[in-house]
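Read through the structure below, which is laid out as structure tokens, and then see the notes.
The values are calculated or read from the model by the stated rules, or taken from the named source; none is laboratory data. Quick caveat: nothing in here was measured; it's all calculated off a predicted structure. Neighbour counts run over all protein chains shown; Cβ positions are idealised from the backbone, glycine included. Heads up: the accessible areas ignore ligands, DNA and RNA and are worked out on the full protein's heavy atoms, side chains in. Shrake-Rupley method; radii C 1.70, N 1.55, O 1.52, S 1.80 Å.
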Amino acid sequence: MTLNRRTLMIAASLTAAAFVAAPANAQKQYGPGASDKEIKIGNINPYSGPASAYGTIGKAIGAYFDKINDEGGINGRKIKYITLDDGYSPPKAVEQARRLVEAEQVLLLFQSLGTPSNTAIQAYMNEKKVPQLFVATGATKWNDPKNFPWTMGWQPNYQTEARIYAKHILQNVKDPKIAVLFQNDDYGKDYLDGLKEGLGAQASKLIVAMKSYETSDPTVDSQVVALMNSGANVFINITTPKFASQAIRKVHDLGWKPAHYLNNVSASVSTVLKPAGLEKATGIITSSYHMDPTDPQWQSGKAYQDWLAWMKKYYSAGDVASTFNVYGYSVAQTLVQVLKQCGDNLTRENVMRQAANLKNFQVPMLLPGISITTGPDDFAPIEQMRLQKFDGNIWVLFGEVLSPEGS
Amino acid sequence: MAATSGLATIPVAASGTNWRRIGVAVAIAAALVLPWLVSDYRVFQFTLAGSYAVALLGLNLLTGYNGQISLGHGAFFAIGGYTAAILMHRLGVPYYLTILPAGAAAFIVGVLFGLPALRLENLYLALVTLSMAVATPQFLKYFDHWTGGSQGIVLRKPAAPTWLPIGNDKWLYYQMLVVLLIVFWAGSNLLAGRTGRALVALRDHPISATVMGINPVFYKTCAFGVSAMFTGIAGAMAAIATGFVAPDSFNVFLSISFLVGSVVGGIATVAGAVFGGFFIQFIPNLANDISDAAPWAIYGLFLLAFMYAMPTGIAGFIRTMAVRYAPKFRTAVGEQPTSQPGSHS
Amino acid sequence: MAGALLEVEGLRAAYGPSQVLHGIDFAVEEGGITALLGANGAGKTTTLRAVCGMVDRSGSIRFGGQPIEKDSTESIVGLGVAHVPEGRGTFVKLSVEENLRIGAYGRRARDGVAADMERMYQHFPKLAERRTQQAGTLSGGEQQMLAIARALMLRPRLLVLDEPSFGLGPLIVASIFEIMGAVRRDDRVSILLVEQNAALALELADRAYLIETGRVVMSGSAKDFRDNEQVRRSYLGY
Amino acid sequence: MTQLTQQILSGVATGAIYASLALALVMIHQATESVNFAQGEMAMFSTYIAWSLVQVGTPFWIAFVLTVVISFIGGVLIERIIVRPVENAPVLSHVIVFIGLLVIFSAVAGWIFTYTVKQFPSPFPTKPLLGGAVTGHDLGVIGVTFVMLILLFLFFRFTPLGLAMRAAAQNPESARLVGIRVGWMLAIGWGLAAAVGAVAGIMVAPILFLDPHMMSGVLLYAFAAALLGGISSPGGAVLGGLIVGVLENLVGTYLIASELKLTMALALIIIVLVVKPSGLFGAHAVKRV
């Protein structure tokens, strides 16, 4: 399964007040699900089934909306958040999307999770002209306003991230021989595609070994052994947290010392690196766009403290070590900003218009220097990432804020 | 699990066909009227429930009537779904022409699979079919040239003909209903006749059945093939209704849901397949409505509750109640362990 | 006679809604052999099962003077009632030796199990030859011997036998009955026997009861039975 | 060290994981003649109990013993309260109850402990050995698995309780007639299987890391291992586990794309079972007519 595990953060930072967006006329306009009193928002998350680990994102979003409602809502309107379970099954996602749109009459569908589920409902949402906003997946295809003007992603896509690693390898590793471990699904394949693209014409020569694993595999030890034996000096680790920990440990135990690139999905200090052993993780490079709530360097900052206070008050059952809860918090802040910009014109058309009108929006839990910008031709809200290297204790940022070339 | 030969043989209305006929007629009438009473979204749900019912009839045939357990019928559902999707998407075949090839593809795989399965019983068959369920998404991803890999295949949803002003959902629903009725009619005829008796005999008394001249290889393989075919047809219908197939649509939990549906509905009954279809379609939603913190826990409690209250499934329960409270029904109850459609009356 | 070991009065039993026993009285004397005779379906097996608490029953059952009609099967076994059921109840996947060891499971005195096992092997040398074999691989006669040996491993006061001759050839039956006679002599075990082969049963038994449709229709000594014209014609066939 | 050696060693280490859960399956099968699909999730839940105990400062081995005891009691209670009501229902109803238990344990674990991966301490030195192919912990797991194997073997072979349990599972009516309290045998069987599962969970958690899905992938392998070895034989289950672990590594490394290694490994096992249905080391199954 794939997921879009990512985290983000955003802030409802006041800088955004710069755009008081706004329909010039004071006439109130409402689409389905919106009224003077409330705004109905639908969400689909896997609360059951093999991907239930991601369910916490849906709950975190709800907890953030509780906070907004406690503070008076958005322009005086309370958010009514309806979140449904699809068990990570595309047919169920279709059914739940139809329930939200046809029976619950929501204004928009927000943060439906998973590439397969979102692919399954994309045609329907666009045909019905209902916003499918900030989907929780890192696939590239959500940035396609021409064909799917009602669908928009949120997090940087997997391919972008992979290209960043490719570029870094080409610039920094002499005579690279690359070994890749990837999860056998759309998420892993997207990374792989981005990597090949980033390496260019020589990709097939530079990549000397690829091994995949299934989420049902108990361990990835065998794959790591095989990759090491390929003679590679670069290891690209495209795995979800549990498998990332196993791979980091195994690489170290085998005495293999490659340049180790770990995908952002698993860049958590306390839930990935610590289980593997911090000393074994030293030197790993990743790229990120959000803060890791378990990285000591952020924990004294205001962004983290605010987040922590919110977690304690509104989502005490949630795990403060989980980056998913940072992700849910941040993406919810992005939506709140869009709805603020909508003012009194809460039609589906205006929601899409405002979602495509975010300018340099700052989200507190995103890394310094990273902000959200969209436009009528740019349905990719977060495109910037920063490289960081683990020093045995914290992630140390290095280099510039990176954005995909050509965008 | 252990011997499936321990299945309860549920006595069934064998001769008193009046009650049964009335029940079937009422059920069909209700099914015809239903789409006009509920929203399109509900109609879509019922379309899915109907296709699950067809899949469960297939599983019932194998597990209920022939005593061969399967934890892997999601694989046949996937074969049907992907056959339909590939024909539509890559070869431009109209959707209504994909149902039969989907059934045929599943039939062939079912027969091929049934041959080695013949030598395996109970636990071993459970392992093999469970493996099949686990391997299905991996296979689908591996042959990505045809299947679109993990991205799946998006299908254009069939539209109702312009001269028929009923909307796409009702249109699909009625087509599903037609297929369902044909499959159920064929299935119950098959089970009520020689074949059904042979299958049950092989389940309950394998050795004497063989002595009596029932060829176990033929019938057991046949049961696998036909069972897979029904489930494949159902997979095609569900794929067309959903408009999308992907490996994640056919994970292990789908296969397990099928077994759950067929047992909760009433194993070795035709009507049970319908109840089971409703169960696997609607109970997870109900569980989610009760708790979105841990819907699976609620779903699990539902399973336990159903098994306590109705150990022989919904169909078995209704029959027991009917025997107890409807004296006329009692005379209609024979020991013949075959079943009839709509015997839930 | 020292008074009855097993006394049954007004025993009634039912399978679900159908009443099978309608008030049965009989007794087994200490050290005696009692045979229950009757046609198929008369209720003989049900009587044995009712004594051992394997069907719902009412009435009075006293074993060694103690009421047991409310006791569970396991407790009754613990009192020293060993029941060899119809079809022998062999544990087919256990070895012969394990079948014998399991026979001693319910007995109170734990010591002497090994010695008893050796004694069984002397009684039934066939079993000694096959001691490590899975019991399911034994022939019908061997399984019957095993069943009896298993029951004796309990050191029972009462041995309950249901159709020990069923499905066996005459030679094997003869040897089994011979052993039962020896067992009763040597171990002072009382026996309650249900047997199709009435002639054989009456040869061994001291008392007999004739059961028809769930009721005792005749009782008396084995000799009375052998001498009774009607019994002879209907059940003994001479 | 060559890759072949490394793959075999690492396969043995993984195989020990499968073997440890396979032992729990053998246990439950010997006691009830059925295989509990929730066994893996129960083991996972037990591991969370151990983790919670360790979190509040309980020394490892005390937490270990406590968890095994709690799991035993939990297993007994589950049998008495949840499985007992369907005791006389058709076998497939039991399967559904097992599935119900599986989803309940999985969901409740996620709900209470969240899905965040937890680190679990190892009682053994975790130093890499033999060029990193295995660690000290792996050897510890293999050792514990063999100890469990010997204990189970002795239990079933030589204790009256073990024998009574097998007898009760095979022929409950006959078992009652030799004085065995069959209901209690089933309950104790569930308890022991839960206890064995708890040991398995605690042993594998430092390798796999603890999350609510920790055992869901292992169960299929353990099931295959148990059947491959012969479901009635603890020794067979352990050997089966090791074979599955090594086979899977070799198939994935040398034979085909790693995407299909599970499929291939299972296909090979199925072929073995078709040829030899009682498993490699299983006693020849006797069929009653």
inquiry  = Quick check: pseudo-label points 7 Å beyond the Cα along Cα→Cβ at C:Asp56 and C:Thr137, how many nm apart are they?
reply    = 4.4
inquiry  = Where in chain C is the longest stretch that carries no trypsin sites (Lys or Arg not before Pro) classed as loop by DSSP and with at most 13 other Cβ atoms within 10 Å?
reply    = C:111-187
Percent of C-alpha pairs per 10 Å bin, the range A:158-288, short to long = 14, 50, 33, 3
inquiry  = If I build a Gaussian network model for chain C, linking alpha-carbon pairs within less than 10 angstrom, which residue out of C:Leu36, C:Leu138, C:Leu152 has the largest mean-square fluctuation?
reply    = C:Leu138
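State in Å² the accessible area per residue of the range C:90-155; use a 1.4 Å probe, count heavy atoms of protein chains only, and round to the nearest integer.
In whole numbers, the range C:90-155 has 39 Å² accessible per residue.
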query = Which pairs break 21 Å Cα to Cα here: A:Lys141/D:Lys261; A:Lys250/D:Lys118; A:Lys141/A:Lys196?
reply = A:Lys141/D:Lys261
note = The distance between the Cα centres of the range D:123-198 and the range A:81-98, in whole Å, is 42
FRET efficiency for A:Asp70 and B:Asp144, using Cβ-Cβ distance with R0 set to 56 Å, rounded to 0.05 = 0.70
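How large is the Kirkwood hydrodynamic radius of the range A:142-220, counting all unique pairs of alpha carbons, in Å?
On the way: mean 1/r = 0.0713 Å⁻¹.
One over the average 1/r among Cα pairs gives 14.0 Å for the range A:142-220.
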remark   = Taking N as the residue count of the range D:2-275, its alpha carbon Rg divided by 2.2 N^0.38 Å gives 0.99
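If N is the number of residues in the protein assembly as shown, what value comes out of its Cα radius of gyration divided by 2.2 N^0.38 Å? Walk me through the intermediate numbers first.
Values: Rg = 34.5 Å, N = 1279, 2.2 N^0.38 = 33.3 Å.
Normalised by 2.2 N^0.38 Å, the Cα Rg of the protein assembly as shown equals 1.03.
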query = How far is it, in nm, from the label point at A:Lys28 to the one at A:Lys205 when both lie 7 Å from their Cα along the line to the Cβ?
reply = 6.7
remark   = The convex hull of the Cα atoms of the range B:31-332, divided by residue count, gives a volume in Å³ per residue of 153
key: Charge context of C:Gly10, other residues only, Cβ under 13 angstrom, K/R +1, D/E -1   = 0
key: Electrostatic dipole magnitude of chain C [Cβ: Lys, Arg +1; Asp, Glu -1; Cα centre; debye, to 20]   = 320
query = Using the alpha-carbon centroid of each, what span in Å lies between the range A:214-253 and the range D:212-258?
reply = 20
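Take the Cβ-Cβ distance between A:Glu197 and A:Glu38 as r, set R0 to 60 Å, and report the resulting FRET efficiency rounded to the nearest 0.05. Before the final figure, lay out the partial values.
Values: r = 45 Å, r/R0 = 0.74.
E(calc), rounded to 0.05, equals 0.85.
Taking N as the number of residues in the range D:140-228, what is its Cα Rg relative to 2.2 N^0.38 Å? Before the final figure, lay out each step's value.
Numbers: Rg = 15.5 Å, N = 89, 2.2 N^0.38 = 12.1 Å.
Computed over Cα atoms of the range D:140-228, the ratio equals 1.28.
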message = Need one word for the range A:22-106: rounded, prolate or oblate. Basis is the Cα gyration tensor (sqrt eigenvalues a ≥ b ≥ c); a/c below 1.5 gives rounded, then a/b vs b/c decides.
response = oblate
query = When chain B is modelled as a GNM with alpha-carbon springs shorter than 10 Å, which of B:Ala309, B:Ala201, B:Ala85 fluctuates the most?
reply = B:Ala309
request  = Given the options D:Leu186, D:Leu66, D:Leu219, state which has the largest fluctuation in a GNM of chain D using a 10 Å cut-off (strictly under) for Cα springs.
outcome  = D:Leu66
query = In Å and whole numbers, how far do the C-alpha atoms of the range B:104-186 stretch along each principal axis, longest first?
reply = 53, 36, 19
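Looking only at the protein assembly as shown, where both bridge partners belong to it, what percent of the DSSP beta bridges are antiparallel (to the nearest 5)? Present the calculation step by step, with values, prior to reporting the outcome.
Details: 47 of 97 bridges.
About 50 percent, rounded to the nearest 5.
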task = With a 1.4 Å probe on protein heavy atoms only, work out how much accessible surface A and B bury together, total over both chains, in Å² to the nearest 100.
result = 2600
ask   = Just from its helices, what would the mean residue ellipticity at 222 nm be for chain D, if runs of 4 or more DSSP H residues each count -39500 (n - 2.57) and the sum is divided by every residue, rounded to the nearest 500 deg cm²/dmol?
value = -23500 deg cm²/dmol
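Using only C-alpha atoms and all pairs of different ones, pull out the Kirkwood radius for the range B:196-283 in Å with one decimal. Write out the running numbers ahead of the final one.
Working: mean 1/r = 0.0671 Å⁻¹.
After inverting the pairwise mean of 1/r, the radius is 14.9 Å.
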inquiry  = Interface size between chain D and chain B, please: total buried accessible area, 1.4 Å probe, rounded to the nearest 100 Å².
reply    = 3900
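Using +1 on the beta carbon of Lys and Arg, -1 on that of Asp and Glu, and nothing else charged, what's the dipole of the range A:158-288 about the Cα centre, debye to 20?
Values: 14 positive and 12 negative charges, 85 e Å.
It works out to roughly 400 debye.
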key: Three principal axis lengths of the range C:53-165 [C-alpha, angstrom, descending]   = 44, 30, 21
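If a/c stays under 1.5 just call it rounded; otherwise compare a/b with b/c (prolate if a/b is bigger, oblate if not). Do that for chain C, with a ≥ b ≥ c from the square roots of the Cα gyration tensor eigenvalues. All intermediate terms of the calculation are to be shown ahead of the outcome.
On the way: a/c = 1.65, a/b = 1.33, b/c = 1.25.
Note, shape of chain C comes out prolate.
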inquiry  = Bin width 10 Å, origin at 0, all Cα-Cα pairs of the range A:26-180: what percent of pairs per bin?
reply    = 11, 34, 30, 15, 7, 3, 0
request  = Let me know the longest stretch in chain D that avoids all trypsin sites (Lys or Arg not before Pro) found in a DSSP loop with at most 11 other C-beta atoms within 10 Å.
outcome  = D:1-286
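Starting from the alpha-carbon convex hull of the range C:90-155, give the projected area averaged over all orientations, in nm². Kindly include the intermediate steps, with their values, before the conclusion.
On the way: hull surface 14.7 nm².
Result: a mean projected hull area of 3.7 nm².
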remark   = Summed over the other residues with a beta carbon less than 12 angstrom from that of B:Pro247, with K and R at +1 and D and E at -1, the charge totals -4
ask   = How big is chain A on each of its three principal axes, counting only the C-alpha atoms and giving the largest first in Å?
value = 67, 43, 39
task = Using a 1.4 Å probe and ignoring any ligands, DNA or RNA, find the accessible area of B:Trp36 and quote it in Å² to the nearest 10.
result = 150
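What number comes out for the charge environment of C:Pro156, summing +1 per Lys or Arg and -1 per Asp or Glu over other residues with Cβ under 9 Å away? The partial results should precede the final answer.
Numbers: positive: C:Arg107, C:Arg155, C:Arg157; negative: C:Asp187.
My count for the surroundings of C:Pro156 gives +2.
If you roll a 1.4 angstrom probe over the protein chains with everything in place, what fraction of the accessible area of the range D:2-275 belongs to carbon and sulfur, to the nearest %? Walk me through the intermediate numbers first.
Details: 6110 of 8120 Å².
In the range D:2-275, the share of accessible area belonging to carbon and sulfur is 75 percent.
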